[in-house]
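This report refers to the structure that appears directly beneath it.
The values are calculated or read from the model by the stated rules, or taken from the named source; none is laboratory data. Quick caveat: nothing in here was measured; it's all calculated off a predicted structure. Cβ: placed from backbone, ideal geometry, glycine included. Neighbour counts: every protein chain shown. Heavy atoms of the whole protein, side chains included, go into the accessibility calculation; ligands, DNA and RNA do not. Shrake-Rupley method; radii C 1.70, N 1.55, O 1.52, S 1.80 Å.
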Amino acid sequence: QVQLVESGGGLVQAGGSLRLSCRASGLAFSTYSVGWFRQAPGKDREFVAAIMRTGSIATIADSVKGRFTISRDDAKNTVYLQMSSLKPEDTAVYYCAANTYWGIRREGDEYAYWGQGTQVTVSS
């Protein structure tokens, strides 16, 4: 059974930092590319970042570029999203997702497995 479990969310003041983790089980993690998405209340799901199975290529959405970074540790079956200089508009539920495609995918429909999400709230 494939599981993706996010952790690390919480309440933080504007300008602060958080590191989200996405730990996978039940799959050959090193063969999967992983993406982070977020969804704020009343808004569509938004692509945030993704990292390829080899970790050699990573993509960050323009809305968070320069503030967020993505990395992976295949020995721990975990992908991280480091978020810095957080803004109130970063408030959302953050989800990680996995797929077996080669290359970076920005569309949620292209991901086969999803976590349950972790809430990030940034106060002004």
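Some points to look at:
- Spatial separation of Cα centroids for region 85-120 and region 23-43, in angstrom: 5
- Taking the chain as a Gaussian network of alpha-carbon nodes connected by springs under 10 Å, the highest mean-square fluctuation of the residues Val34, Val12, Val48 belongs to Val12.
- Put a dot 7 Å past the Cα of Ser30, heading toward its Cβ, do the same for Ala75, and the two dots end up 1.2 nm apart.
- Computed Rg/Rh of region 2-55, alpha carbon atoms with Kirkwood Rh: 1.02
- Net charge of the neighbourhood of Gly115, taken over other residues with C-beta under 11 Å away and scored Lys/Arg +1, Asp/Glu -1, is 0.
- Selected from Leu81, Leu20, Leu11 as most flexible by GNM, with the chain as the system and alpha-carbon contacts under 10 Å: Leu11
- Accessible surface of region 51-124, 1.4 Å probe, proportion on carbon and sulfur as whole %: 47
- Counting only protein heavy atoms and using a 1.4 Å probe, the accessible area of Ser21 comes to about 20 Å².
- Å³ per residue enclosed by the Cα convex hull of the chain: 92
- Free of any chymotrypsin sites (Phe, Trp or Tyr not before Pro) that DSSP assigns to a loop and that have at most 15 other C-beta atoms within 10 Å, the longest stretch within the chain is 1-100.
- Accessible area (Å², 1.4 Å probe, nearest 10) - Val5: 70
- Springs between Cα atoms under 10 Å define the GNM used for the chain, and in it the highest mean-square fluctuation of Gln13, Gln39, Gln82 occurs at Gln13.
- Loop trypsin sites (Lys or Arg not before Pro), region 4-75, which have at most 12 other Cβ atoms in a 10 Å radius of their Cβ (DSSP): Lys43, Lys65
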